[in-house]
Amino acid sequence: MSSHRRFTEPKIIVASHNEGKVREIRDLLAPFGVETVSAAELDLPEPEETGTTFRANAELKALAAATAAGLPALSDDSGLAVDGLDGAPGIYSARWAETGEGRDFAAAMQRVEKDLCAVNGGPNGNRAAKFVCALTLAWPDSHVETFQGEVTGTLVWPGRGTQGFGYDPIFEPDGHRLTFGEMDPAAKHAISHRADAFAQLIEACFRNPATG
């Protein structure tokens with residue numbers, strides 16, 4: 001018997017105000033016939049991300065939404081971890097993009113490149129990085145199931161592509177010649193950090209053990 005709780009409800013909250021992230025999660029959930037509603041659509045407040053790990057922040061956000069709305073909620077906390085920057089921006093990936101007028105990921109990508117060049121003594125050197133995603137499914141009774149996925153790659157500069165969101169244009173996953181910003185969404189879904197975590201979640205909480 002699996003020790004994971006199965007998801008049996010018809011509706012779930014995607015606990016995010018990031019439209020790109022909501023769209024990705026909605027696409028990944030589509031095959032399971034689950035109705036999805038975003039935290040923004042329910043006008044739920046964004047909790048302060050006080051965790052020190054991706055896992056802690058994902059659980060914090062999912063629990064806040066599930067408790068507030070009385071529905072199961074799915075949240076992820078994800079970010080870019082650059083080897084040469086000791087894992088930065090990491091859990092602060094979104095915060096690196098914060099400006100007085102909202103999030104500016106073009107500026108955040110420039111900061112990553114500037115800091116990396118400073119460490120490497122120029123544009124060459126160690127440019128390895130990974131995207132990490134912690135995905136939490138929470139119920140109103142405070143039960144949580146959390147899974148973590150990642151994808152490794154290399155940072156390119158300048159960024160390429162207008163697909164995706166966030167740091168996607170500067171991340172070229174290992175074994176591929178396109179950045180996440182250049183990839184068709186379906187191609188990215190197949191290999192991304194979010195897809196990795198999502199596959200673990202589906203196996204544990206959505207698939208019927210008897211039918212696979």
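The values are calculated or read from the model by the stated rules, or taken from the named source; none is laboratory data. Remember, predicted model here, so these are calculated numbers, not experimental data. Backbone-built Cβ (ideal geometry, glycine too); neighbour counts: all protein chains shown. Protein only, heavy atoms only, side chains kept; ligands, DNA and RNA dropped before computing areas. Shrake-Rupley method; radii C 1.70, N 1.55, O 1.52, S 1.80 Å.
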Cβ-Cβ under 7 Å pairs, at least 6 apart or on other chains, region 34-60 side within 13 Å of Pro72 (Cα to Cα) and of a type in the set (Val, Ile, Thr), far side at pLDDT below 90 and open to solvent by 90 Å² or more (accessible area, probe 1.4 Å): Val34/Pro10
Matching residues in region 5-51 - criterion: being aliphatic (A, V, I, L, M), farther than 12 Å from Ala69 by Cα and in contact with a Lys or Arg (Cβ under 9 Å, 6 or more places away or on another chain): Ile25, Leu28, Val34
Candidate set from region 156-181 (those that are without any contact (Cβ under 8 Å) to a residue 24 or more places away in the chain, among the small types (Gly, Ala, Ser) and within 26 Å of Ala30 (Cα to Cα)); member that is surrounded by the most Cβ atoms within 10 Å (Cβ to Cβ): Gly181
Test: residue in region 182-192 that is open to solvent by 30 Å² or more (accessible area, probe 1.4 Å), touching a residue at least 12 places away in the same chain (Cβ under 8 Å), closer than 30 Å to Thr67 by Cα and not basic (Lys, Arg): yes
Qualifying residue in region 51-62 (condition: among the hydroxyl-bearing types (Ser, Thr, Tyr), modelled with pLDDT of 90 or more and surrounded by fewer than 15 Cβ atoms within 10 Å (Cβ to Cβ)): yes
Selection status of Thr99, farther than 24 Å from Pro169 by Cα and either polar (S, T, N, Q) or open to solvent by less than 50 Å² (accessible area, probe 1.4 Å) (or both): no
